[in-house]
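Just below is one structure, and these are the notes that go with it.
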Amino acid sequence: MTKIKSLADLKKMKSSLQSQVALREKSDNPEGRILVRVGMGTSGIASGAKQVMEFLIDELEKRNVDAIVTQTGDMGYSYAEPTVEVTLPGQEPIVFGDVDQKKADDIIEKYIKNGELLDGIIPQNYETIDKK
Amino acid sequence: MKDLSLHILDVVQNSVSAGAKNIVVSIAEDTKKDTLTILIQDDGKGMAPDVVARVTDPYYTTRTTRHVGLGLPLFKQNAEMSDGLFHIESQVGRGTVVKAVFGHSHIDRPPLGDMAGVLMMLVGSNPEIEYYYKHTKDGREYVFDTREVKEVLEGLPLNEPAVLRQLKEMVRENLREVES
């Protein structure tokens, strides 16, 4: 791959980037996309959320999983950072705690691809004391 | 926090939560004066003076899920530990400026870390926000401006992994030159 350094180089790359995006958009129905959100509050960042998010972005693309990876603020689960919330189309979101690279890999292979549940799911009915 | 780029990631999250549309991040390294200055400026909703006075108190947070907020206090502590200083200024309706100065060669100054990665994470997660990033070191300068990038890409989404990867390479390559 040629190295790009300036905006002019980026411009030259545009058509090849465009074709990659177009390929993806053909199969696109926004409702059908998987949504992955990484908790990126102070405690998440300090526990390695950046590495987890970079891993998820790269690997989901490499493994041809059509997902949007984005970040969210603190979810209030600081005891279990980094946290990752996955919403499969038409399903309730599930929050995974203590996610490292190995667990992120399991989330892709087991939960996203096969719908298998994993250890370390933070129960949905969990509420902080304040809310009660 | 292992490095300064993670502090920046953390502080910029505050700007995003404050509804900022334009965020400026500047890093200025001056080895003669022996300083490394980080400036983060946003046009978010800003804070009232009594809030500004308390944001570096670890027992203050605007969050409702729990009672401590460590982002800014940790950033401040790291700056002060390396012989630097920390300053925050804000105006309701106008925005907020956070400035941290570090002693460049001080043993307690955390390394800068992966700024290219942090920038792309911010750009990819909030592609509608305009980021202006400027890094200078002893007269050398690099500017990354999402407005310029969007113009070149003509509608290609910035949060597309393939696009982000190229942008990250581009920023990393340029920062390497500034740092050298």
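General remarks:
- Checklist (1) acidic (D, E); (2) at pLDDT below 85; (3) part of a helix (DSSP H, G or I) applied to A:D58, failing item: (2)
- Every pair of residues 6+ apart whose Cβ atoms lie under 7 Å, when the first sits in the stretch B:113-133 and is more than 17 Å from B:L4 (Cβ to Cβ) while the second is among the small types (G, A, S) and assigned to a loop (DSSP other than H, G, I, E, B): B:I129/B:A20
- When the stretch B:1-45 is filtered for residues that are within 12 Å of B:F75 (Cβ to Cβ) and part of a strand (DSSP E or B), the ones remaining, listed by number, are B:I38, B:I40.
- Residue match in the stretch B:47-59 (condition: closer than 22 Å to B:R147 by Cα and not β-branched (V, I, T)): no
- Some residue of the stretch B:151-167 being closer than 24 Å to A:S19 by Cα, of a type in the set (D, E, K, R) and part of a loop (DSSP other than H, G, I, E, B): yes
- The stretch A:30-56, subset of a type in the set (A, V, I, L, M) and under 17 Å from A:K102 (Cβ atoms), residue nearest to the other protein chains (Cβ to nearest Cβ): A:M53
The values are calculated or read from the model by the stated rules, or taken from the named source; none is laboratory data. Worth saying up front: this structure is predicted, and the values here are computed from it rather than measured. Cβ sites come from the backbone with ideal geometry, for glycine too, and all protein chains shown count toward neighbours.
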